Amino acid sequence: MPKMKTHSSLKGRFKVTGSGKVTRYKAYRNHLLSHKSKRAKRVLAGNPEMAPGDVKRLKQGLANLK
């Protein structure tokens with residue numbers, strides 16, 4: 001049986017915390033920020049946890065990430 005490989009595109013998009021939770025990045029925070037309000041940028045700050053229903057599927061793709 002071959003080893004499970006990490007899905008390459010997921011490596012940069014998600015991170016697994018020490019306790020095993022998966023964090024994600026928010027959309028609309030990379031470019032064209034000059035016309036967005038300070039409040040909008042503040043709301044988009046931070047990396048929230050993934051929803052529990054998505055974590056099981058993601059952990060298969062993130063097989064070798066700790």
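The values are calculated or read from the model by the stated rules, or taken from the named source; none is laboratory data. Since this is a predicted model, take the numbers as computed values, not measurements. Every residue, glycine as well, gets a Cβ built from its backbone with ideal geometry; the counts of neighbours run over all protein chains shown. For accessibility, only protein heavy atoms count, side chains too; no ligands or nucleic acids. Shrake-Rupley method; radii C 1.70, N 1.55, O 1.52, S 1.80 Å.
The table below gives the values:
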| quantity | calculated |
| --- | --- |
| Filter result for Ala63 (closer than 18 Å to Thr6 by Cα, of a type in the set (Gly, Ala, Ser) and part of a loop (DSSP other than H, G, I, E, B)) | yes |
| Search result, residues across segment 31-50 that are open to solvent by 50 Å² or more (accessible area, probe 1.4 Å), assigned to a loop (DSSP other than H, G, I, E, B) and closer than 27 Å to Lys5 by Cβ | Asn47 |
| Residue ID - surrounded by the most Cβ atoms within 10 Å (Cβ to Cβ), chosen from residues in segment 4-30 that are touching a residue at least 24 places away in the same chain (Cβ under 8 Å) and in a loop (DSSP other than H, G, I, E, B) | His7 |
